[in-house]
Each structure stands twice: as C-alpha cells, then as structure tokens.
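Quick notes on the structure that follows.
Just so it is clear, none of the values below were taken in a lab; they were calculated from the coordinates. Just so it is clear, the model here is predicted, and its values are computed rather than measured. A quick note on method: Cβ atoms are made from the backbone with ideal geometry, for glycine too, and the neighbour counts reach across all protein chains shown.
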Amino acid sequence: MDKKSPEVLSLRFDIEKEVKRRIMTPYDFEFLAGVIWERLHEKVSAQTLKRIWGYLDGADSTRRSTLSLLARFLGYSDWDDYVYALSSRSDVESKTFVGEGLHIDDLKAGDKVEVTWLPNRHCVFRYEGEAHFTVLVSENAKLQVGDTFETAHFLVGVPMYIDRLARGSEPPTAYVAGAKNGLNSVKIIEHEDNDNK
C-alpha cells in the first residue's frame, strides 16, 4: 500500500488521535512503538513508524502486515477491516470523498490550489508534480511561504493531512490543518486561462 494514499494518511491521523499526541519527533516514534507493544504485545520498530509517517525516506509502499498491526491497535481486525470502516464513516466524510475536493490526479505541475479553513486560514500552494507542493501564500496559518510538503488530496469537510513538511534545514514533519472541521473550500486557481483556449 502506498504510504501517501488517503487511507494511510487517515490511519496515521487516527493513531495520533488515539494516543492524543502528534507523532513528529524521534521520541514520539519510540513512544508509539512502546504503546503498541503494551497494547498488542507485538513489536513494530520506531524506524518502520518513521518511514510510514514520512519522517525517514524509505520504500514508497508499506507492508500489509504492518498496516494490519496498526489497524489492530485501533481496534480493527486487520487492514481490510479498517479500510472498509473508513469507506463507511459518517455521511459528511463519505459525501466529501465524492463531492468537492481535489486529488493529485486532477492536477498538473504548475497548477495553484487555494484552500481555506477555520477560523480565518487561507493558503495557496503550487503543485510541483509527484505529490509535491510549495506554499506560495499563507495567511493566519502555521505554514510559511516557501515551505514544501506532500499530500494526496484536498477535500472539503476533511482535515488536510500533509506529509514531509520541510522548512529550511529543519527535519521534515507531518502536519494536519483544519483538524476539527476540515477544509472550508478548495479550488484550482489559474485553470480558467488554460481551459478557455
């Protein structure tokens, strides 16, 4: 399974919610590995967790057995059970997946994506290709102009899960925007000129 897939990003978010902390630092990954051991008496290394969270470079795909272990940590029988539950979550989320939003397949390099979320956050990102984005505009958000990150999609009503957020020489981290209410709006700007030719 591609570690950048919406399902894996959702799994990471659900685990962070379960342990009530962001998983961002080497200590956090050691902590999470320990909590998983305490609950399941099964080992997963901090290194493996770092790769899944995008903290370390590694294979683009994650073994199904590892995903099943993490799904069991959340109370599901295995990875397939988690993915099935994800597809049948609340009406708001399932509507969003078929409604307003953008997936990287909808974009081409150079497209600009404008997103907003509560209370007054407004950002514009340029798509660089291969799931990479650069922050061009950031108003009232923790993201800064020039930051780069990876994500698979932007969906109205769903938090924006971004991976490998890089700023200068700081180590890359994960970030969630609009954790409570999700994104308010998502649109491509600068498509109008191209489409009307």
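Summary of computed values
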{"read-out": "Charge dipole magnitude, Cβ of K and R +1, D and E -1 - region 99-195, Cα centre, debye nearest 20", "value": "500 debye"}
{"read-out": "Integer Hz, Karplus 6.51/-1.76/1.60 couplings in order for region 141-155, x for Gly and Pro", "value": "10, 6, 5, 10, 4, x, 4, 10, 7, 10, 7, 9, 6, 10, 10"}
{"read-out": "Which labelled figure in [x] 30; [y] 37; [z] 34 is percent of Cα pairs over 27 Å apart, once derived from the coordinates", "value": "[x]"}
